[in-house]
Structures are given as structure tokens and as C-alpha cells.
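First the structure, in the form of C-alpha cells, and then the observations on it.
The values are calculated or read from the model by the stated rules, or taken from the named source; none is laboratory data. Values in this document were obtained by computation on a predicted structure and should not be read as measured data. Note that each Cβ is placed from the backbone with ideal geometry, even for glycine, and that neighbours are counted across all protein chains shown.
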Amino acid sequence: MAEIIKDCGYTVVLADTEINLAIENLSSKKNLSVFLRWLKNNRITDIGFSYRLDPNDGFRLFSNMMFFLIKNRMLRTNTKSIQNIYYAGLAEGCRRVEQEFGKYVKVFIGGESISDTLNILSIDSSSIPSQMRESCRYDSFLFDFSRDIIKKAEYTSFKPVERNGWGGYDGYGTKKDTLLKRLEHSQKNNLPPIIRAHAGPYLHEREKAVKLFYEWCEELGKAGMLDILSIGSSQLTQSHFGQDWHDLPNGGGVPVNSSQEYSKIWESSRPMLVRTYAGTKDLLKLAMMYEDTINIAWHALSLWWFSRIDGRGENGVYENLKEHIQTIQYAALTNKPFEPNVPHHFAFRGADDVTYIVSAYLAVMTAKKNGIKHLILQNMLNTPKYTWNIADLAKSRAMLELVSTLEDNDFKVTLQTRAGLDYFSPDPEKAKIQLGAVTALMDDIRPQDPHSPGIIHVVSYSEGYGLADPKVINESIKITLHTLEEYRRLKKNVSVMKEFGLSEIDKRKDSLLHSAKKIISVMQEKIPDLYSAGGLYTAFASGFLPVPYLYLQKEEFEYARAVKTKIINGSVVKTDEYGNTMTDEQFLDYAKSNISKIQIQSLMRWGDNF
């Protein structure tokens, strides 16, 4: 939000730790003095207060500040006072703030678009840069289009796609069924994209949760809306499968803990294809078990991630890469597709758009070199959520164009699109509109290809406020497929891309491609055996894949954390220590200078095994 406001010509001051600590207790004269001095020295006219944890704590802290400002007549009393105040928090906190201070405060509940943000902030339209205005026009067009669809509610009567129609294909819904058969049949008969969705109830009692999941599987299978059931397994399923969990803390998700339970899930989910998360250890053993029990639709691994650097597993990054590559080699023997669960994990940790593309290319090339014949390329849109839609299209097209250069007679890529994890509003009706809007955005990635995207990973509209059960999942799929059908019908008569800045998207795409190719070329030249565990580790640890928001293993990956990023004109870019955009040359000089240091450290740590 700070970058959006700055782009409109306003000065923005982000409160540092001292100010945030002072706000926690304004009854202290010292803290009060610190706060007042900050307001005065920076000539603050508008205050934005964010609190994304417990809504009661957020309301209490915000109230203390508000009572102080009101008591001392600092709100809207003259031109030097505080003119506007904004609160961003969880839905309950926002409700209480509006109830108590609605006269003075506007709230951000989550899921606001750039247009929403500009309106809430009352930014003068003449201050908005032309590129931002153009982006907002396209964003608003998609939102308004989807809003009309949700308002009409015709999607509620959308019928399941008959995947086994037109003569069907051998093995549909059986252990002989495969993703490739289903994709081929759907494209041959011009059917809508294959639909995948996560599902997994969480209850404190493990056995009850698993039993409920069997029921969900049956319900989803009978409804016929979902093609690929993606098991939303719990953290303990991933990290301690088959062990006695005792009182170990568990994350959300269904707590599957035996091969028999996986087999029962497959039986309950007919005729859907089934896939699940990889584990965080014993990956090869688990991959074999997934083949035997659920005939896994495709294998997915994250290479650097789901390890100690994100707190998901016990492996160090180098050990993780070795184990993942070994498992990729097994997946290749099964002739199943492989999904590198990679680029969005870099984006979660602040990576810029070029790094998103580069990380995808490294993962895809690694898969190809290890025998994979068919790759599922997952592309998470709206990450971060203030990314402009035209920037998302440019990034998506650049990644696809680069990865597609690796295709040949023995290697194919299928695009799988999805919405971002923190994209959806906690308001159900707005979230439904957002789901329709992002579906239309997916169709504009390759607007000339009627078979793209091949797979849509439907993130249910309840993502912003609660767990998706079968009813919500099926409704979300209906919204997705109906919106896609209506948007494609609209585009037969309206040239959406020409209307909303095709040249701007192409210019951005070409710039991203140029930078990504340059960085990959340098890595291939400077890092021996780049597509091995050692090479991929060296690339990451040397800083070629910057992740400024990496908060674990800071010492080992200090070079990866050193390069900063920020959003400029809707894209995430690398910046120097002064906040200026970093050139490719500056970045490459930095990363290259670290290679020899990382290689020496690695040899000292792992010896000849590196």
C-alpha cells in the first residue's frame, strides 16, 4: 500500500520498531512523547494502523491511540491536524472499529483491489499515474464482469462436465485412469479445463477427521464437478507419517496416517483422480506408497522448500535438494507428470518477478534432465495480492514462453493456473466476485489458445474466512467454469487485450524475459553442474534467487536475503540499499561475487559429497 501511495506522489513514512512499541502503551509519558515527536517531525496528516492478529488486541491498541488523539483534539480541527485514519485488520476487529470510531476511521478488511484502495484513501484521480489508471480500468472491467455473473446467479445451475462422454476413454475412474488420458480426451473434445481443488477437514480427533474426509470424497465424487481431488493433508502427515503422533501439535488439514487410509480415500473418491502433498522426509518411500494407494495423478515436489528454511521439514536445503531430485527420478520411471511446487514459494518470501520466472525455469530444467516427460507448471496469480493484473499477465506469459523453449517430442508442459492464497476477501459475496475475476484473468494469459489453461486449480472463495467443505468447493467450481464460458463468449465480440494495454503487457513481458535469460545464462556459465543438488544449492545460497523475507536460517542464506525488493508500477522488482531499482548488471555482479565463498563453505560442510 505504501508503494501505491508513493506512486501517486505522496510522502509515506513507515513507523519503525520504536514507534510501534510506543503505540502499545501511550499512558507512558515517554511513549507519548515519542509518538508526538514522530507525528510532528514527519508532518503526518494521515495514519494507517494495521493489526492482523487477534482482533480484540488490535481493537484495544487502536482504541488507545484514538482516545488519545480525540482527547487532545488532534483530529480534523485545523489544517495541521490528523485528517484521515485507516484501520486494517481481521473482520471482527474492523467491525468493532467501525462501530466505535466510524465517524473518523475507514477500514481495510482484506481483499481490496487497487481501485478499492485508491477510493478508500480518497486519492485524487489527477494524482494517479497513467499506468496505474490503465491497470485499474482492466481490473475494474474483470471485477464488474464477474459481479454481473454472481448477481445473476446463473452459475448455480451449471452442470458437471461429462469427462467420459463422446465415447469415453479406456479406464476412466479406475486404477488405469491417468491425467494424460483425461487431458487428451478433454482437449480432443473441446471440453473445459481439468479442475483441481484442495480438500481436507481438520478436527481435533484424528479418526473422526479421516472418517469425515471419506464422506467428503464420496460427496465430491458423486457431484461430478471436481476432476482432481488434491488431499489437503496435515503437517504431521507430511512430517511424521506412519508414526505415533502422541500429543505433537498439528496444523490444519486431514491427518492421514496410514497407507490403508490412503487406499480408502481413493476408493471413496471415484471417479476422481487423486493427488496429495509430498512429505518432508522419506520422499521416495512416500512417492511409491502414493502410487500403490491413490494412483497419484502427478507427483509434486518443491526442491528448496518444505525444509528447514520454511519450518516445514527437518532437511537442510542441500539434503532436501538431493532427496527431491532422487524422487523426481523415480517419478520419471512411473511415467506420471511432475509439478515443481516452486515459484510461488519464492514469491511468498518477497522474491521479485524475474526471480519467480528464473526459479520456475531452474525447476523445469531439473525435471527434464532427470527424465520427466510431462510437466505441470503451476502459476499462482495475485502473489503478492497488490500485483497489477497486467503485471501478472506479463509475468505469466514470460514464464510460459521461457519454459516452452524446453518442449520437444519427449517433453511437454501443461499450464495450471490458480488464484493467490491471500487474494480473497473475508466477505463471501465479494470473494465470489473475485473468484470469477481471477478466472477471467487466467483466460487472458494465452487468449488465442482454446486449450489453455489445461488445468485450473480452483481456490475456493471461502479461503479468506474459513475451510472449504464440499458445498463451497462445488459452488466455487461452478463459478469458475460458468465465468470462463461467459468470458470466452464475450471475447468473441470484444477485443479485451487491445482495449486494455496489450502493448504495455508485451513490453513488460519482453523486459522480464530479457532479464531472466541473462541471469540463467550467467548461472549456467559460472556454476558447475547447475541442475544438480549442489548447483541449485549454490545458486540459491549465492543470492541468485533473492528472498528478502526469509526468516529462518538467516546465517546460512545471508546472501539470499541481502537483496531487497518492492512493488513498483504493480511489479515486484529488486532494489539497492537506497530503494532504487537494481539493474541486472548490479545484481549479477553481487551474486557472482558470492559463488566462490559458498563453494568453499559447502566443501567444508559436506566435503566430497557436495
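Overview of values
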| read-out | value |
| --- | --- |
| Long-range neighbours under 7 Å by Cβ, at least six apart or interchain, first residue within 19 Å of Phe348 (Cα to Cα) within region 311-325, second of a type in the set (A, V, I, L, M) and part of a loop (DSSP other than H, G, I, E, B) | Gly311/Leu552; Val317/Ile309 |
| Any pair with Cβ under 9 angstrom, 6 or more apart, that starts in region 499-522 at a residue that is closer than 18 Å to Asp139 by Cα and ends at one that is of a type in the set (Phe, Trp, Tyr) | Glu499/Tyr138; Glu499/Phe141; Phe500/Tyr138; Phe500/Phe141; Gly501/Tyr138 |
| Check on Leu435, closer than 22 Å to Ala332 by Cβ and touching a Ser or Thr at 6+ places or on another chain (Cβ under 7 Å) | no |
| Region 178-206, subset among the hydrophobic types (A, V, I, L, M, F, W, C) and free of Cβ contacts under 8 Å to residues at least 40 places away in the same chain, residue surrounded by the fewest Cβ atoms within 10 Å (Cβ to Cβ) | Leu203 |
| Unique match (being on the phi > 0 side of the Ramachandran plot and either out of contact with any Phe, Trp or Tyr (no Cβ under 8 Å at 6 or more places or on another chain) or crowded, with 18+ Cβ neighbours inside 10 Å (or both)) among Asn315, Asn335 | Asn335 |
| Which listed residue, of Glu555, Glu585, is without any contact (Cβ under 8 Å) to a residue 12 or more places away in the chain, closer than 19 Å to Trp305 by Cα and surrounded by fewer than 17 Cβ atoms within 10 Å (Cβ to Cβ) | Glu555 |
| Members of region 502-532 that are among the acidic types (Asp, Glu) and either within 19 Å of Asn569 (Cα to Cα) or outside any helix (DSSP H, G or I) (or both) | Glu504, Asp506, Asp510, Asp529 |
| Members of region 298-310 that are more than 20 Å from Pro255 (Cα to Cα), at pLDDT 95 or above and not aromatic (Phe, Trp, Tyr) | Ser302, Leu303, Arg308, Ile309 |
| Residue among Gly607, Gly579 that is part of a helix (DSSP H, G or I), exposed (fewer than 14 other Cβ atoms within 10 Å of the Cβ) and modelled with pLDDT under 95 | Gly607 |
| Hey, Gly350 in a loop (DSSP other than H, G, I, E, B), touching a residue at least 40 places away in the same chain (Cβ under 8 Å), closer than 21 Å to Trp298 by Cβ and not β-branched (Val, Ile, Thr) or not | no |
| Count of region 557-572 residues which are more than 17 Å from Phe346 (Cβ to Cβ) and assigned to a loop (DSSP other than H, G, I, E, B) | 2 |
| Lone qualifier among Ser521, Ser462 - being buried (at least 19 other Cβ atoms within 10 Å of the Cβ) and on the phi < 0 side of the Ramachandran plot | Ser462 |
| Residue in region 440-449 that is outside any helix (DSSP H, G or I) and within 17 Å of the chain's Cα centre (by Cα) present | yes |
| Enumeration of residues in region 453-471 that are under 20 Å from the mean Cα position of the chain (by Cα) and assigned to a helix (DSSP H, G or I) | Tyr461, Ser462, Glu463, Gly464 |
| Residues of region 375-416 satisfying the condition of being surrounded by fewer than 17 Cβ atoms within 10 Å (Cβ to Cβ), under 25 Å from Lys498 (Cβ atoms) and either free of Cβ contacts under 8 Å to residues at least 60 places away in the same chain or in contact with a strand residue (DSSP E or B) (Cβ under 9 Å, 6 or more places away or on another chain) (or both) | Ser404 |
| Count of residues meeting criterion [touching a Phe, Trp or Tyr at 6+ places or on another chain (Cβ under 9 Å), over 17 Å from Ser146 (Cβ atoms) and not aliphatic (A, V, I, L, M)] in region 440-490 | 3 |
| Condition met for Glu267 (out of contact with any His (no Cβ under 8 Å at 6 or more places or on another chain), surrounded by 18 or more Cβ atoms within 10 Å (Cβ to Cβ) and at pLDDT 95 or above) | no |
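Rundown of residues vs (1) touching a residue at least 24 places away in the same chain (Cβ under 8 Å); (2) within 13 Å of Ser269 (Cα to Cα); (3) in contact with a Leu (Cβ under 6 Å, 6 or more places away or on another chain); (4) surrounded by 20 or more Cβ atoms within 10 Å (Cβ to Cβ), yes/no style:
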| site | (1), (2), (3), (4) |
| --- | --- |
| Lys208 | no, no, no, no |
| Phe213 | yes, yes, no, yes |
| Trp216 | yes, yes, no, yes |
| Glu219 | yes, yes, no, no |
| Gly224 | yes, yes, no, no |
| Asp227 | yes, yes, no, yes |
| Gln235 | yes, no, no, no |
| His240 | no, no, no, no |
| Asp244 | no, no, no, no |
